[in-house]
Ligand code: F6R
């Protein structure tokens, strides 16, 4: 796991966008498959990718995308659906076909069957080349709440009270927040060939410390990423504030970038 501690959201957005650009370059012509997250954390990176598309010609032509999750009960057109969020914040501003941006159908009559079908569709597309993730303050990734099986696949999950409270800011009333979601599982997410996770702010500090340095356990679902060979974690100083090995990560990064040994404690 490569930990990249940045000074602010703008530097973080550059770092995440660089991982996207590298993946698009490496998979050019093969129909890149992107895994997309919603929520606040990836938005600065999406904004930077839109800028690179408009100003620097970064192209997503031929790419496909799979969202991580969707609320059960919200139809695609609902203003708080993740289907709509990703279009408004990212995909309708770049050159990816709208029909190539897939998400679980939150309004499916049989959500359990929809979850299994969605997992299959990702496999049939050849798997995800790059998955972007945020992290919940309780250590969830997608909606894999504490207690999720580390081998879980896409399924219907119940949201914790804490996640419902965290997400209430997007809804007029806390009672309007759906209590169930269709979510890619931890096993599904780890099938992605490359993963970039981004987090900012003190509220994520404990989850980030567990992610990078905690014991692998269902108690902190993001710790399952320690088993993946290609994960980059981009965090600001506040989100990094509880990392015991922060100085080492800075040192390792400067060594990798400059080839020289910088002073560190
Ligand atoms: C969103 C998702 C969630 C969020 C997480 C952090 O698709 O799967 O796991 O990434 O809840 O949310 P923000 O970024 O809003 O703090």
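Each reported figure results from applying straightforward, stated rules to the coordinates on display, with no laboratory input. It should be emphasised that the depicted structure is a prediction, and the values quoted were computed from it without experimental measurement. All Cβ positions, even for glycine, are placed from backbone atoms using ideal geometry, and neighbour counts span all protein chains on display.
Mean silhouette area of the stretch 56-203, derived from the convex hull of its C-alpha atoms and averaged over all directions, reads 9.5 nm². Using only the C-alpha atoms, the convex hull of the chain corresponds to 123 Å³ per residue.
Peptide packing: for 121-132, 249-260, the average count of neighbouring Cβ atoms within 10 Å per residue gives the ranking 121-132, 249-260, highest mean first.
Peptides 136-144, 217-225 ranked from most to least packed give 136-144, 217-225, packing being the mean of other C-beta atoms within 10 angstrom over each peptide's residues.
In the chain, the calculated helix contribution to ellipticity at 222 nm averages -10000 deg cm²/dmol per residue, counting -39,500 (n - 2.57) for every DSSP H run with n ≥ 4. Divide the volume of the convex hull around the Cα atoms of the stretch 1-129 by the residue count and you get 118 Å³ per residue.
Peptides 148-157, 181-190 ordered by packing proxy, namely the average of other Cβ atoms within 10 Å per residue, highest first: 181-190, 148-157.
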